[in-house]
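One structure below.
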Amino acid sequence: MSGNDGRRPVVVLGATGMVGQRAVTLLRGHPTLRLAGLAASERSAGKSYREACRWHLGGEPYAGLGDEPILPCDPAALGPPGLALSALDTAAAQTVEPAFAQAGWTVVSNASSYRMAPDVPLLIPEVNADHLALVARQRTRGCIVTNPNCTSIPVTLPLAPVLRAVGVEAVFVASYQAVSGAGYPGESAWDMIGNVRPHPGNEEEKLTIEPPKMLGRLTERGVEPADFALSARCVRVPVADGHLVAVGLKAKQRLSPADFVELLRTYASPATAGLHSAPTPLFHFRDERDRPSPRFDADNGAGMAITIGRVERCPVMGLKFFALSHNTVRGAAGAAILNAELIAARGLVR
């Protein structure tokens, strides 16, 4: 992983976990970002990558980096400040990420610790790239930028074109979330085999507060959240990868299913032009009654696209549809890497 080939070096914090492993895999061979270091907890530091964790993904084990040393999550041990992609859990991120930002690092975080902080961008590049301006308000040598919860992404992305075109009055979401979203070892087999499990964590709270922030307007005082009601119910289902959401949408103006599809089909964000991980097209559409489905659609757009199906009139909300995304790619590691690409392209690495 050594050498200077013109690509921006990136250190992965929490490289041994599920999201960290996915990030390592996606960074291998990346055209503009170079994997420059693997870091993890004190109990893993000093071991080889192979010794420090059990590999949970397909393809080449440890992404071919099994002999690489694990470094401590300590900015003093990782050389000059640069770009750090954090796949740490929430508890570790609470202290580690600010330490890196204070030391001058640009931290792109998948953790929930600072998503709702008023001076921290909660970022989907296709939706709110302008919110990156918030980093100038952070009182650190470096900065923290976050990506949202994995379930917020397939909800927020299709809402963005509607909000801008006709406005949104209310949204109801029911999620069907894959077990990989719980990490490893994740959910108990007793809870998941032959069962669906109403989510015991705070997913519903995250899904209620995150989309309005991302769809909000940046002002001199900070982000003014988008003004619509959002209610959510989250359920864990026995699926490996892919979060499916059923969305009921009440727009401020009449919106037919055909109008909705056309808004999404023609939606484009100049902010992501030329970024490696930005999918083209962003939205895939399925006409079958039994699609989208995790088994067949989660990998669309190399796991970064959103698949839409069953767009129909709703007698209660006006419109209803299903949306699907790959929760550990678009919903986690891939989202953070896309954010890192945008940050690097705009010269915001401090």
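The values are calculated or read from the model by the stated rules, or taken from the named source; none is laboratory data. None of these values were measured; they are calculated from a predicted model. When we count neighbours, we look across all protein chains shown, and the Cβ atoms used for this are built from the backbone with ideal geometry, even at glycine. Please note that ligands, DNA and RNA were not included when accessible areas were found on the heavy atoms of the full protein model with its side chains. Shrake-Rupley method; radii C 1.70, N 1.55, O 1.52, S 1.80 Å.
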### Message
Could you check the spin-label model distance between Thr219 and Arg164? Points 7 Å from the Cα along Cα→Cβ, value in nm.
### Response
2.1 nm
### Task
Count charges around Arg310 for me, please; just the other residues with Cβ under 15 Å from its Cβ, Lys/Arg as +1, Asp/Glu as -1.
0
### Query
Dipole of the chain (Lys/Arg Cβ +1, Asp/Glu Cβ -1, origin at the Cα centre): which of Ser113, Val24, Val349 lies farthest to the positive side?
Val349
### Task
Under 17 Å Cα to Cα from Lys320, which lysines show up? Leave out anything in the same chain fewer than 8 places away.
Lys250, Lys252
### Task
Sort segment 237-350 into rounded, prolate or oblate with this rule: let a ≥ b ≥ c be the square roots of the eigenvalues of the Cα gyration tensor; rounded if a/c is under 1.5, and if a/c is not under 1.5, prolate when a/b is larger than b/c, oblate otherwise.
oblate
### Query
Using unit Cβ charges (K, R positive; D, E negative) and no other charged atoms, how large, in debye to the nearest 20, is the dipole of the chain about its Cα centre?
380 debye
### Query
Residues with beta-carbon under 11 Å from that of Arg8, excluding Arg8: net charge, scoring Lys, Arg +1 and Asp, Glu -1?
0
### Query
Amide H of Arg217: which non-local residues (sequence gap of 5 or more, or other chain) have their own amide H closer than 5 Å, using H built in the peptide plane?
Glu224, Ala226
### Query
Toward the positive end of the charge dipole of segment 218-289, about the Cα centre and with charges on Cβ (Lys, Arg +1; Asp, Glu -1), which of Ala268, Gly222, Pro238 goes farthest?
Pro238
### Task
Decide, for segment 272-314, between rounded, prolate and oblate: order the square roots of the alpha carbon gyration tensor eigenvalues as a ≥ b ≥ c, take rounded if a/c falls under 1.5, and otherwise choose prolate if a/b is larger than b/c, else oblate.
oblate
### Query
How large is the accessible surface per residue of segment 255-301, computed with a 1.4 Å probe and reported in Å² as a whole number?
60 Å²
### Message
Rounded, prolate or oblate, given the Cα gyration tensor of segment 85-217, with a/c below 1.5 counting as rounded?
### Response
oblate
### Query
For Leu159, what charge total do you get from the other residues with a beta carbon under 14 Å from its beta carbon, if Lys and Arg give +1 and Asp and Glu give -1?
+1
#### Entry: Where segment 30-176 is the region considered: accessible area per residue in Å², 1.4 Å probe
37 Å²
#### Entry: Of the trypsin sites (Lys or Arg not before Pro) in segment 316-348, those whose Cβ has at most 11 other Cβ within 10 Å and which sit in DSSP loop
Arg346
### Task
Scan (i) 59, 51, 34; (ii) 67, 49, 42; (iii) 68, 46, 43 for the value of Cα extents along the principal axes in Å calculated from this model and give just the label.
(i)
### Message
Counting only protein heavy atoms and a 1.4 Å probe, tell me what percentage of the chain's accessible area is made up of carbon and sulfur.
### Response
51 percent
